[in-house]
Amino acid sequence: MDDLLAILNDLYPDVDFTAYDARVDGPLIQSMEMVELITAIEEKFDVEFPPSLMGDPDHFHSAAAIWELIRRLEDE
Amino acid sequence: MPRINVLEYLDESAARLPEKPAFCDDSLRLAFGELDRRSRAIGTALALGGFCGEPVVVFMGKGPAAVSAFFGALRAGCFYVPLDEEMPRHRIELIFALLQPRAVIYDQSTRAALAGLDFQGEALCYDALLETPIDDIALRKIRSRAIDTDPIYVVFTSGSTGKPKGVAACHRSVIDYVENLSQVLRINEDTIFGNQAPLYVDACLKELYPTLMFGATTWFVPKQYFSFPLKLIEFLNEKRVNTVCWVASAFTMVAALRILDELRPEHLRTIAFGSEVFPVKQLKAWRKACPEARFLNLYGPTEATGMSCFYALPNDFEGDKVPIGGPFKNTDVFLLDEQNQRVEQPNTPGEICIRGTCLTLGYYADPARTAQSFTQNPLHGRYDEKIYRTGDLAQYNETGELLFLSRKDYQIKRAGYRIELGEIESAAHSVEGLHAACCLFDDAKKKIILCYAGDILRADLNEALKAKLPQYMLPNVIHQLEALPLTPNGKIDRNGLKCSMLNA
């Protein structure tokens, strides 16, 4: 989880991702940052995001939700 | 008969296709007939209120309703100034100070923000304006006096001194642009646009006016879909979108996330991109996914009414850089060197200069800055002829096409937005507890880096900037330094700082 938080803070240095939730705080991730985020996660955790997940804001609304997704991908 | 006013397009399409959807989003579909009716109700209300030949600020959420308010302002013989619901208060105050508007149209999404401003003019509720009984005799009288050099809009771009610059365009320039652009993009009545550009930048002219002119349809794509590209492609397919004019980064994002392997945009036939470089790898992925589509690179400054140059990619395009090509019909684009001599030989850089009907009226209420950028054509002094000096450097390739090189100054492009680094520095300097600030741009990573010296904490500075700058101008990275490096003559050593920051 710390690795993920580091990646997120690299993109948005001044957001506290332990508390941030897009469903409450409003959308944050802009389109080009999404590319960076996915690329960084794929490298760090050695996973590959299936494109089908890229259409679903529900998987990306908070650090916890993204972490959940990474663990699922790692298991596959 | 040459056209005088863009409303002629609306009049004709509303008479011909009253039931056909013109502008749509997920909550509202405005057909041409209803769009026309709304514009006339709003126009009547403004005329009754005594507004004429002046700016009408449209401070509304993005969507079909805002578009109808634009045309309502034009019906009253005014010009519209689109503002964004998400624009920070400080920026709106600067814009209001420059415009001195007497009328602002708002909706539910902006009611509170407008009430929080020190605005002395009339705040007009969009929904209430629609109730006005239409007075066609008054509207016809206003139109009979219209001429094609009347302003149509003012849009704001970043200004290096910290104040946004308002670029005012006239009907004639928009008509000239839209008619020539539509030929190049091959727009017709069957065109269905998927719009990405915000309404407060001139990029949205590409959808608004061809839609009116041909009786086509524009769908506004929800903004968040540009972060969740599978939804984006689903949307394009569901609405049968066949024409898109987006910033290159929107296309890049879809390709970089490998969406095109999963789902193909089925109906796209015209794909226009611009404002930034389209990486060749991602471009290839798009061309593979849409083999039947035409791909066009567009280039142009706000000061010359939208786009000035285009390049239609040939099927066998190979090359690592897409040219910006050559000018639209009735526009002249040429290069000048530092001695103001025309550059015609290939591979020699020069400043892109533009002349033609596309030249806008200049910067609103700012004759000094207008005179700096809109100058007498230096190639002759025999009669009055203005050119616009873009500050962009380009060169011709061996086949005579223009290739964009870089900026002459500290203007940058990020996600298609034109940004003056000076405006960010100026916003930072106005924050208490900060002694010096310097803003850099990492071209490779497309990141804005702000370095500063002072007592204020990074997070506090970030918060303060959020209240002053639109989201797209906020620095990606903020560094606090003991002091900023200086050059021997005491200026901030921008190049030195850039070297040390980017190589750190």
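Every read-out reported here was derived from the displayed coordinates using simple, explicitly stated rules and does not represent laboratory data. Since the structure is predicted, the reported quantities are computational estimates derived from the model, not experimental observations. FYI the Cβ positions are ideal-geometry reconstructions off the backbone, even for glycines, and counts take in every protein chain you see.
Sort B:499, B:170, B:245 by Cβ crowding within 10 Å, fewest neighbours at the top.
Listing B:499, B:170, B:245 from fewest to most nearby Cβ atoms yields B:499, B:170, B:245.
Could you check the spin-label model distance between residue B:108 and residue B:501? Points 7 Å from the Cα along Cα→Cβ, value in nm.
About 4.3 nm, to one decimal.
Shape call for the range B:364-429 from the C-alpha gyration tensor, a ≥ b ≥ c root eigenvalues: rounded (a/c under 1.5), prolate (a/b greater than b/c) or oblate?
Since a/c reaches 1.5 but b/c is at least a/b, the shape of the range B:364-429 is classed as oblate.
So how much slack lies between residue B:382 and residue B:284, counting 0.36 nm per residue of separation and subtracting their Cα-Cα distance, in nm?
Details: separation 98, 0.36 × 98 = 35.28 nm, distance 4.84 nm.
30.4 nm is the gain from fully extending residue B:382 to residue B:284.
With both bridge residues required to lie in chain B, what share of the DSSP beta bridges run antiparallel, to the nearest 5%?
Details: 50 of 85 bridges.
In chain B, approximately 60 percent of DSSP beta bridges are antiparallel ones.
Less than 20 Å from a label point 7 Å out along the Cα-to-Cβ axis of residue B:186: which backbone N atoms in the range B:250-291 qualify, by residue?
B:265-274, B:284, B:286-291
Sum -39500 (n - 2.57) across every DSSP H segment of at least 4 residues in chain A, then divide by the residue count to get the 222 nm mean residue ellipticity, nearest 500.
Mean residue ellipticity at 222 nm (helix-derived): -16500 deg cm²/dmol.
To the nearest 500 deg cm²/dmol, what mean residue ellipticity at 222 nm is calculated for chain B from DSSP H runs of n ≥ 4 alone, each contributing -39,500 (n - 2.57), summed and divided by the residues?
It lands at -9000 deg cm²/dmol.
Within 10 Å of each Cβ in peptide B:224-235, how many partner chain Cβ atoms are there on average? Round it to a whole number, please.
Averaged over the peptide's residues, the number is 5.
I need B:171, B:429 ordered by Cβ neighbour count within 10 Å, fewest first.
Going from least to most buried by this count: B:429, B:171.
Counting partner chain Cβ atoms within 10 Å of every residue's Cβ in B:470-478, what's the average?
If you average over the peptide's residues, the count of other-chain Cβ atoms is 2.
At most 16 other C-beta atoms within 10 Å and a DSSP loop state: those are the exposed chymotrypsin sites (Phe, Trp or Tyr not before Pro) I care about. Give me the longest piece of chain B that has none.
B:1-316
Shielding by partners for B:460-468, please: the mean number of other protein chain Cβ atoms within 10 Å of each residue's Cβ.
Per residue, the number of nearby Cβ atoms from other chains is 1 on average.
Once both labels are modelled 7 Å past Cα along the beta-carbon direction, what's the residue B:85-residue B:435 spacing in nm?
About 4.4 nm, to one decimal.
May I ask for the longest run of chain B untouched by GluC sites (Glu not before Pro) that are loop-located per DSSP and have at most 10 neighbouring C-beta atoms (other than their own) within 10 Å?
Numbers: sites that count: B:19, B:131, B:292, B:318, B:338, B:398, B:432, B:482.
No qualifying site falls inside B:132-291, the longest such stretch.
Set the bar at 22 Å for Cα to Cα. Now go through B:281/B:498; B:445/B:468; B:288/B:321; B:239/B:329; B:321/B:413 and name every pair that lies beyond it.
As for pairs spanning more than 22 Å Cα to Cα, those are B:281/B:498; B:445/B:468; B:239/B:329.
Rounded to the nearest Å, what's the spacing between the alpha carbon centres of the range B:409-478 and the range B:43-67? Just the number, please.
33 Å
Taking a ≥ b ≥ c as the square roots of the eigenvalues of the Cα gyration tensor of the range B:1-88, is the shape rounded (a/c under 1.5), prolate (a/b larger than b/c) or oblate?
Note, shape of the range B:1-88 comes out oblate.
Sorting A:12, B:209 on the 10 Å Cβ count, fewest up front, what's the list?
Taking fewest neighbouring Cβ atoms as first place, the list is A:12, B:209.
Calculated FRET efficiency, residue A:9 and residue A:42, Cβ-Cβ r, R0 25 Å, to nearest 0.05? The partial results should precede the final answer.
Details: r = 18 Å, r/R0 = 0.72.
Efficiency for this residue pair is about 0.90.
Let me make sure I get this right: for chain B, a, b and c are the square roots of the gyration tensor eigenvalues over alpha carbons, sorted descending. Under 1.5 in a/c it's rounded, otherwise prolate if a/b > b/c, else oblate. Which is it?
Rounded.
To the nearest 0.05, what FRET efficiency results for residue B:179 and residue A:1 with a Förster distance of 41 Å applied to their C-beta separation?
It comes out at approximately 0.10.
Can you compute the FRET efficiency between residue A:58 and residue B:316 using 1/(1 + (r/R0)^6), with r the Cβ-Cβ distance and R0 = 41 Å? Round to the nearest 0.05.
0.45
What nm value, rounded to one decimal, do you get for the distance between residue A:25 and residue B:240 when each label is placed 7 Å out toward the C-beta?
4.3 nm
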